[in-house]
1. With respect to Leu58, determine if the residue is more than 19 Å from Ala194 (Cβ to Cβ), hydrophobic (A, V, I, L, M, F, W, C) and touching a residue at least 24 places away in the same chain (Cβ under 8 Å).
2. Val290: within 14 Å of the ligand (Cβ to nearest atom), out of contact with any Gly (no Cβ under 6 Å at 6 or more places or on another chain), β-branched (Val, Ile, Thr) and over 22 Å from Pro125 (Cβ atoms), yes or no?
3. Suppose we filter Leu277, Leu344, Leu335 for residues that are crowded, with 20+ Cβ neighbours inside 10 Å, more than 18 Å from the chain's Cα centre (by Cα) and farther than 23 Å from Leu168 by Cα; which single one remains?
4. Please work out which one of (1) in a loop (DSSP other than H, G, I, E, B); (2) open to solvent by less than 10 Å² (accessible area, probe 1.4 Å) is the condition Ala408 fails and give its number.
5. How do the helices (runs of 4 or more DSSP H) wholly within segment 5-96 filter down when requiring 2 or more residues that are open to solvent by less than 30 Å² (accessible area, probe 1.4 Å) and either on the phi > 0 side of the Ramachandran plot or of a type outside the set (A, V, I, L, M, F, W, C) (or both): which remain?
6. What number of residues in segment 371-385 are touching a strand residue (DSSP E or B) at 6+ places or on another chain (Cβ under 9 Å) and within 16 Å of Asp431 (Cβ to Cβ)?
7. Among Val287, Val313, Val302, Val324, which is the only one that is in a strand (DSSP E or B), in contact with a Lys or Arg (Cβ under 8 Å, 6 or more places away or on another chain) and surrounded by 15 or more Cβ atoms within 10 Å (Cβ to Cβ)?
Amino acid sequence: MAAHYQIEGSTSAAISASVEGGIRGGALAPGAALPAVRALAGELAVSPATVAKAYQELRQRGLVVTAGRHGTRVCPRPPVATRRAGLLPPPLPGVRDLSAGQPDPRLLPPLGPHLAALAAEIGPPAGYATAAVVPELAAVARERLAADGVPAAEITVTGGALDGIERLLAAHLRPGDAVAVEDPGWANLLDLVAALGLRAIGVPVDDEGPTAPGVRAALAAGARALIVTSRAQNPTGAAVSADRADALRALLAGRSDLLLIEDDHAAELARVPLHPLAGATTAWAFVRSVSKPYGPDLRLAVLAGDEATVARVAGRARVGAGWVSTVLQRLVLALWRDPATADLVRRAGESYERRRDGLADALAAHGLAAHGRTGINVWVPVPDETVVVTALRDAGWSVAPGTLNRIAAGPGVRITVSLLDEADLAPLAADLARAVRPTAPFGFTA
Ligand SMILES: Cc1ncc(COP(=O)(O)O)c(C=O)c1O
């Protein structure tokens, strides 16, 4: 209980503003429990309905979550800027930070030479009237997507994968609607779903992607959208296999009541073939980011989909932010066209693979199972996240607790391999094994 922060107010608006102020100022930390409705109503001398309305408003905006007997708590990453860092404690000096989920900065292509070349050839500045999706970028994106089996007649460009997903959800769903997401899944996506006032339904994941029974159950529970990570699933590294794609396509075939979103954030970095679901449903979108292979700061993704879905996203952007800077689009085009960059991305993919496989082998030598077919993370199921995270910090490693990623899935920790070198793998595995013991047999699919 956040006993040190006094929530105030005599109306629901004032009470929710007071809670928001507490979150913003850091007095109500992520995960902090709010008082029970009746208790707070008594304290503030208002009716329980007034407090319940305040909590409902905060819930719809994704600032708090209510989870049955656990009561109402501040979300892990509420959508207001806070003056204090989130759930993860700041890294201690000397502790290696493997919690970040970032690509290895040493393996991102240098932008300098491309920016210099661009400066020489960019031509007159684009204005409001002329800015749009750069036709050459669209042409190359279409070619690349079509080569991977994604129908890409209709495409637009967004400010990254998550921006595309947000626009898709906002265009198709209404607050209170249910979205099927992978469980465990990407923490930012869970936060976004909460911030949009949507309900997340967890779909279990194995190494081949979301399970068919899980998707079936989510559909039966009324999901209006399904978000599938094509490759490098975060945190498990799963990639949708050919068989799983067949099974999911059969399940989804012809559905007109469900928006299907595929997130191919690893794109050219993934070292497994794409098995897309694109086109299985009437409303669908396939989002491919440039963040992982070319750099998160480029903030660009290509979004392909059916005509109506793409038109909604592009049309909404037009009356809002407008477009993604053509300067960035031209920079991405230059990166795509450069064979030396393609070579760097290929080598980066190999390097991640070596480190993921090396860590999995080192853990296997200690009898520990790990998941990480693709991408930059390895997911290790553990009996108790707090014990393992704390013990590893004491041993000099900071890893991410899976609680940020989970709805009903079993506990685990996520290890980003970006900052790991060959020589780190054996000592890290030994420290992890010590932290985990005694182990019990379990899987991560809940
Ligand atoms: C599953 C997943 N999708 C998307 C992204 C990020 O995409 P973007 O930077 O294009 O928003 C990440 C980043 O970690 C991710 O894990």
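1. no
2. Spelling it out, Val290 is indeed within 14 Å of the ligand (Cβ to nearest atom), out of contact with any Gly (no Cβ under 6 Å at 6 or more places or on another chain), β-branched (Val, Ile, Thr) and over 22 Å from Pro125 (Cβ atoms).
3. Being crowded, with 20+ Cβ neighbours inside 10 Å, more than 18 Å from the chain's Cα centre (by Cα) and farther than 23 Å from Leu168 by Cα holds for just one of Leu277, Leu344, Leu335, which is Leu335.
4. (2)
5. On the way: elements: 12-25, 37-44, 48-60.
Answer list for segment 5-96: 12-25.
6. 4
7. Val302
Residue-by-condition table, conditions (1) under 21 Å from the mean Cα position of the chain (by Cα); (2) modelled with pLDDT of 95 or more; (3) open to solvent by 40 Å² or more (accessible area, probe 1.4 Å):
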| position | (1), (2), (3) |
| --- | --- |
| Glu353 | yes, yes, yes |
| Ala360 | no, yes, no |
| His366 | no, yes, yes |
| Ala369 | no, yes, yes |
| Thr374 | yes, yes, no |
| Asn377 | yes, yes, no |
| Val382 | no, yes, no |
| Val388 | no, yes, no |
| Asp394 | no, no, yes |
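The values are calculated or read from the model by the stated rules, or taken from the named source; none is laboratory data. On a predicted model such as this, the values are computed, not experimentally measured, just so you know. Ideal geometry is used to build each Cβ from the backbone, glycine not excepted, and the neighbour counts take in all protein chains shown. Heads up: the accessible areas ignore ligands, DNA and RNA and are worked out on the full protein's heavy atoms, side chains in. Shrake-Rupley method; radii C 1.70, N 1.55, O 1.52, S 1.80 Å.
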